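Encoded as structure tokens, the structure appears first; notes follow it.
The values are calculated or read from the model by the stated rules, or taken from the named source; none is laboratory data. Since we're looking at a predicted model, the values are computed, not measured. Here the Cβ positions follow ideal geometry from the backbone for every residue, glycine too, while neighbour counts run over all protein chains shown.
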Amino acid sequence: MDIQPIFNKKNNQPVIIAGPCSAESEKQIMATAEALAKQNIDLFRAGIWKPRTRPGSFEGVGRVGLPWLKKVKEETGLKVTTEVAKKDHVFEALKHGIDVLWLGARTTVNPFSVQEVADALQGTDIPVMIKNPINPDLKLWIGAIERIYNAGITKVAVIHRGFSHHGDSDFRNIPRWQIPIELKRQFPNLEIICDNSHICGRRDTLAAVAQKAMDLDFDGLMTETHPDPDEAWSDAKQQITPETLKGLLGNLVIREADLQNESFKKTLAHFRSEIDEIDAELLNLLGKRMQIADQIGRYKKDNNISILQSSRWNEILEKQVVKGAEKGLSMGFMSSMLRAIHQESINTQAEVMKD
Ligand code: PEP
Ligand code: MN
């Protein structure tokens with residue numbers, strides 16, 4: 001594939017895409033766009049059709065919002081982008097002069113939908129950004145890029161918005177940075193935008209994720225902005241005001257393009273992000289393990305059984321030390337780690353017994 005950049009920024013500055021999760025009213029759209037135009041952002045986003053996980057939430061204003069985006073272009077000079085998931089969305093967006101389209105995570109996941117959009121795009125040359133699928137499947141993401149490219153679209157970029165998960169996480173969608181990094185390795189010309197809003201799902205971590213994306217050499221950011229975030233009709237918890245965005249962008253550290261050093265830093269940042277994700281998973285698992293210890297404690301209490309059963313503890317220790325050795329973990333490390341976990345489990349059960 002001979003993919004061309006959509007943004008082609010030169011001076012090492014990130015591409016900034018901002019705007020509300022959803023278009024709600026002309027007033028809200030214009031207020032956001034006017035504030036963002038002052039910050040020289042590169043592209044104004046607003047969802048017109050909203051794919052929602054469950055029915056009953058706000059599903060977007062629909063085509064009545066498209067003239068508002070046209071007005072943004074006319075009055076602020078900003079280029080505009082919206083999400084398309086069906087052929088009708090593509091036709092309507094093209095009719096209203098939308099500059100760039102994007103495919104959402106729930107569309108990328110479905111080859112039938114991606115192909116429907118690709119077919120509708122035949123004969124146009126509108127740039128398209130493709131979000132990662134909701135599941136961590138790099139091939140599915142690449143498949144969507146290929147379908148759009150094969151329809152004759154040469155200007156393609158991707159948006160990394162993290163991946164769905166089950167269970168606790170600090171992220172709304174876990175970033176799994178190694179997936180976009182591998183995509184970039186396979187397609188070095190592909191611009192990668194980090195959608196920190198949908199990765200974080202909350203405001204207080206947006207800056208850290210944006211910085212991480214910069215450290216990993218992403219090309220830009222997509223951040224949801226709303227004049228009154230708490231009152232937003234969708235994704236209220238993660239949206240920030242244009243003013244807050246200004247502060248966030250002002251604090252970003254953009255590293256110099258000192259090549260040797262830079263590649264060292266990138267590789268290091270890559271390894272560290274993998275370590276951070278593994279640590280987060282370890283913590284979640286340990287938390288879960290302790291919850292079960294708590295349940296066991298209650299069960300033992302109800303049945304009047306003592307906390308410590310030496311035979312069970314010996315069995316765990318012996319078995320896991322052997323398994324650890326198979327994975328290159330020393331006996332000393334395995335036994336002290338297991339002892340610490342076991343002790344915490346005993347403490348948890350002892351608390352329960354006391355109740
Ligand atoms: C959005 O950008 O508002 C959106 C619906 O995102 P995603 O497709 O990443 O869930
Ligand atoms: Mn959103």
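The figures follow:
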quantity: Residues of the stretch 198-226 that turn out to be within 16 Å of ligand 1 (Cβ to nearest atom) and among the charged types (D, E, K, R), as a count; calculated: 3
quantity: Failed condition for M1, given (1) buried (at least 23 other Cβ atoms within 10 Å of the Cβ); (2) closer than 25 Å to L216 by Cα; (3) of a type in the set (A, V, I, L, M); (4) in contact with a helix residue (DSSP H, G or I) (Cβ under 7 Å, 6 or more places away or on another chain); calculated: (1)
quantity: Residue in the stretch 159-183 that is farthest from the chain's Cα centre (by Cα), counting only those that are part of a helix (DSSP H, G or I) and either under 23 Å from E83 (Cα atoms) or within 16 Å of ligand 2 (Cβ to nearest atom) (or both); calculated: L183
quantity: Cross-chain or 6+ apart pairs with Cβ under 9 Å, the stretch 265-281 first and closer than 20 Å to D170 by Cβ, then surrounded by fewer than 14 Cβ atoms within 10 Å (Cβ to Cβ); calculated: A280/D170
quantity: Subset tally (residues that are outside any helix (DSSP H, G or I), of a type outside the set (D, E, K, R) and either at pLDDT below 95 or away from ligand 1 (no atom under 16 Å from the Cβ) (or both)) for the stretch 235-257; calculated: 6
quantity: Matching residues, the stretch 21-41, being crowded, with 19+ Cβ neighbours inside 10 Å and assigned to a loop (DSSP other than H, G, I, E, B); calculated: C21, A23, E24, I41
quantity: All positions within the stretch 1-28 that are among the β-branched types (V, I, T) and within 16 Å of ligand 2 (Cβ to nearest atom); calculated: I17
quantity: Count of the stretch 184-207 residues which are over 23 Å from L268 (Cα atoms) and either within 16 Å of ligand 2 (Cβ to nearest atom) or part of a helix (DSSP H, G or I) (or both); calculated: 5
quantity: Residues of the stretch 208-234 satisfying the condition of being more than 16 Å from ligand 2 (Cβ to nearest atom) and either not assigned by TED's automatic domain parsing to the domain that holds D170 or not in a helix (DSSP H, G or I) (or both); calculated: L216, D217, F218, D219, G220
